[in-house]
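Before any comments, here is the structure.
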Amino acid sequence: MALFISLEGCEGCGKSTQAKRLTAGLQRHGYRVTRTYEPGGTPLGEQLRRYLKKSRDAAISAEAELLLFAAARSQLTRNVILPALKQGHVVICDRYADSTVAYQGYGRGLPLDTIATVNHLATGGLQPDLVLLLDMDPSRALQRKKQPRDRFEHEVVEFHERVRYGYLELARSDPSRWTVIDASGSFARTTQYIWQTVSPLLDRYSLLQQSPE
Ligand code: TYD
C-alpha cells in the first residue's frame, strides 16, 4: 500500500517550497516519490491552469470554475496519481480536492454538498491519507508575494479569510487525516514540523523502497 499526502493552505503559505523539501527528504530516505500539483500535472491540466490563473476573464462563473478545477483533477488522478500509488510511490500533491471545498465552497460560496458530489466524480473517491494544512494569517501570507500575479491573488483579503476558515473547519471535522501546521515561522521551522508529522507514518505503510545504489 502506498501513501498519498496533500499539502493545502492559502497563497504565500509556502506549500510549493515545502512540497519540494518533503520530496527531497523522502528520497534521501530511499522512498520513491511522485510530486505533482493542482491544477496541472497533465497536458489538459496545464491548459486549464493557465486559463484559471491568468485569465483576465472576470466573468468566469463560480460554477464553471468549479468544473474546470474538477476536470483537471480527474485527469491528474487517473493519469498520474493512481498509477504512481499502484507502483508503491509516495505521492505528494500540492493541493487536491480540499482546495475546491475551501476556495469554491467557503471562498466563492458554492453549496458544499454539490462540491462533494463533483469532487467524488473527479477523484473516484480517492482521498489523501494525510492532509498537511499550512496555516497562517492570509494577509501576512499574501505579503510574502511581491505582487499579486493571478486571479486568486487579486481577491480581497476577506475571500482569503473565508478560505482559511474553510480549511480549519475541514481539519476540525477529520482530525485523523488532517494535521494543521503553523506556517507563520521560518521555512526551516515549517519543514521540521512537516517531517515530524510524516516520518512516524512511513513505518506504518509498506512502501517499496529504492534499493541502495
Ligand atoms: P497555485 O499557484 O498552485 O497556488 P499557490 O499560490 O498556492 O502556489 O495556484 C492555484 C490557485 O488556484 C490558487 O490560488 C488556489 C486556486 N484553486 C482553487 O480555487 N480551487 C482548486 O480546487 C484548486 C486546486 C486551486
If I ask for residues that are under 14 Å from Ala171 (Cβ atoms) and near the ligand (Cβ under 8 Å from one of its atoms), which ones from region 102-112 would you list?
Ala102
Looking only at residues that are in contact (Cβ under 8 Å) with a residue 60 or more places away in the chain and of a type in the set (Ser, Thr, Tyr) in region 29-88, which one is farthest from Pro200 (Cα to Cα)?
Ser55
Scanning region 138-148 for residues that are among the charged types (D, E, K, R) and touching a residue at least 40 places away in the same chain (Cβ under 8 Å), which turns out nearest to the ligand (Cβ to nearest atom)?
Lys145
Just to check your reading of the model, which residue among Ala141, Ala71, Ala171, Ala84 is in a helix (DSSP H, G or I) and at pLDDT below 95?
Ala141
Would you say Gly12 is modelled with pLDDT under 95, out of contact with any His (no Cβ under 7 Å at 6 or more places or on another chain) and open to solvent by 10 Å² or more (accessible area, probe 1.4 Å)?
yes
Taking only pairs six or more apart or across chains, which ones have beta-carbon atoms under 9 Å, a first residue in region 10-24 that is near the ligand (Cβ under 9 Å from one of its atoms), and a second residue that is open to solvent by 20 Å² or more (accessible area, probe 1.4 Å) and of a type in the set (A, V, I, L, M)?
Cys10/Leu142; Glu11/Leu142; Gly12/Leu142
Which condition number in (1) within 30 Å of Gly185 (Cα to Cα); (2) of a type in the set (S, T, N, Q); (3) open to solvent by less than 60 Å² (accessible area, probe 1.4 Å) is the one that Asn119 fails?
(1)
Val118 - would you say it is touching a Lys or Arg at 6+ places or on another chain (Cβ under 8 Å) and not in a loop (DSSP other than H, G, I, E, B)?
no
What number of residues within region 163-189 are touching a residue at least 60 places away in the same chain (Cβ under 8 Å) and within 26 Å of Gln104 (Cβ to Cβ)?
7
In region 75-93, the residues that are within 13 Å of the ligand (Cβ to nearest atom) and open to solvent by 30 Å² or more (accessible area, probe 1.4 Å)
Gln75
For region 150-169 the number of residues that are within 13 Å of the ligand (Cβ to nearest atom) and touching a helix residue (DSSP H, G or I) at 6+ places or on another chain (Cβ under 8 Å) is 12
Out of all the residues in region 119-126, is one or more farther than 20 Å from Val91 by Cβ and touching a residue at least 60 places away in the same chain (Cβ under 8 Å)?
no
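The values are calculated or read from the model by the stated rules, or taken from the named source; none is laboratory data. For clarity, every value in this text was computed on a predicted model and none was experimentally measured. Virtual Cβ from ideal backbone geometry, glycine too; neighbours counted across all protein chains shown. What goes into the accessible areas is simple: the full protein's heavy atoms, side chains included, and nothing from ligands, DNA or RNA. Shrake-Rupley method; radii C 1.70, N 1.55, O 1.52, S 1.80 Å.
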